[in-house]
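Taking it in order: structure first as structure tokens, then the write-up.
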Amino acid sequence: MPATARAKSHASAVASGLRRAYPDVTCALGHEDAFQLLVATILSAQCTDERVNQVTPNLFARYGTPETMAAAPLKSLESLIRSTGFFRNKAKSIQACSQALVRDYGGQVPRDLDALVELPGIGRKTANVVLGTAYGIPSGVVVDTHVTRISRRLGLTKHTDAAKIERDLMEQLPRRQWIDFSHRMIHHGRRICKARKPLCNECSLESICPRVGVEQPAASR
Ligand code: SF4
């Protein structure tokens, strides 16, 4: 069902509030090109960006291109990314993805969502991160754990499924806002609208937030 005028107006107010609060926020993962961002995003699953940023300088010094990563010994990859957790699966995904890039795309990261999600280990969230941040292509809204939680609290969606949440956000916001909105929501989730204890009294969106599912009123915090 298309977004109502009221839903769009609310989403616009949220996007404006986030823009005022975090005018310059961008992706926190260190990278020099689309390939390195792709790898860093795979590593960020179940891991903090800070931890990923501790690992990637050494990793990219050794294997900073699809060609070198595709040919890297798996054990060497595993040991370089071990501290990010789930390192065996991540190493396999990174290597399989790199091999596919070399084999099918001449070592280039494709600028196309459908092509990206066909790569091993790449889902829609990672594809949106790479296209938006590395190429400036607004392919969708990045829906991670922060965007899921905050979107529900702010009344932007009633869904829990990432694909449905993304569809709601894409219908409510103009395409030109998708990239920055994603970065700002994730930043807001880390700093203010935290999972266990949202800091509503410090939140710039407090006056327009219905705080769906948040137990205590902001005034009591
Ligand atoms: S008012 Fe509270 S629940 Fe709403 S966005 Fe801000 S921190 Fe999150």
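The values are calculated or read from the model by the stated rules, or taken from the named source; none is laboratory data. Please read all numbers here as calculations on a predicted model, not as lab measurements. Note that each Cβ is placed from the backbone with ideal geometry, even for glycine, and that neighbours are counted across all protein chains shown. Accessible surface is based on the protein model in full, side chains and every heavy atom, while ligands, DNA and RNA are left aside. Shrake-Rupley method; radii C 1.70, N 1.55, O 1.52, S 1.80 Å.
Here are some notes:
- Annotation note: of ILE150, ILE179, the sole residue that is touching a Cys at 6+ places or on another chain (Cβ under 6 Å), within 21 Å of SER16 (Cα to Cα) and open to solvent by less than 70 Å² (accessible area, probe 1.4 Å) is ILE150.
- Flag for LEU205 being touching a residue at least 40 places away in the same chain (Cβ under 8 Å), at negative phi and either more than 15 Å from the ligand (Cβ to nearest atom) or in contact with a strand residue (DSSP E or B) (Cβ under 6 Å, 6 or more places away or on another chain) (or both): no
- Count - residues of the stretch 131-168 that are within 16 Å of CYS209 (Cα to Cα) and in contact (Cβ under 8 Å) with a residue 24 or more places away in the chain: 10
- Listed here are the helices (runs of 4 or more DSSP H) enclosed by the stretch 141-200 that have at least 1 residues being more than 14 Å from the chain's Cα centre (by Cα) and away from the ligand (no atom under 15 Å from the Cβ): 162-172.
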